[in-house]
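Student: First the structure, then my questions, so here it is.
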Amino acid sequence: MVSVTKVHRKGIVVIPKELREMFNIKEGDEVLIFSDEFGIHILPKKSPEELFGIDSGKGLEELAKEQIKEREAERAKVYS
């Protein structure tokens, strides 16, 4: 899903309702904002258990790298 939104005077960006619902982002929730060579990304901030399961057996850094690779693959599909 691709959405367009405006940046307000104080740098505030509104996450469209459809995306908030899709990712279960509620008022007051924290989000992670980071950038890389592809642009700026906003991710819901969830506990490790919510993101990866309590008994996954993998280190969080390894899981984060896997998630980034998956997002890059999805992004490549969109931009190809």
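The values are calculated or read from the model by the stated rules, or taken from the named source; none is laboratory data. Note that the structure is a prediction, hence the values are computed from the model and not measured. Counting neighbours? That spans all protein chains shown, and the Cβs are built from the backbone with ideal geometry, glycine included.
Student: Would you confirm, using the coordinates I've provided, whether L63 is surrounded by 12 or more Cβ atoms within 10 Å (Cβ to Cβ), part of a helix (DSSP H, G or I) and modelled with pLDDT under 85? Steps first, please.
Tutor: Details: surrounded by 12 or more Cβ atoms within 10 Å (Cβ to Cβ): yes; part of a helix (DSSP H, G or I): yes; modelled with pLDDT under 85: yes.
So L63 fits the description; yes.
Student: Which condition number does K58 fail, the rest of (1) at pLDDT below 80; (2) assigned to a helix (DSSP H, G or I) being met?
Tutor: All conditions pass for K58, except number (2).
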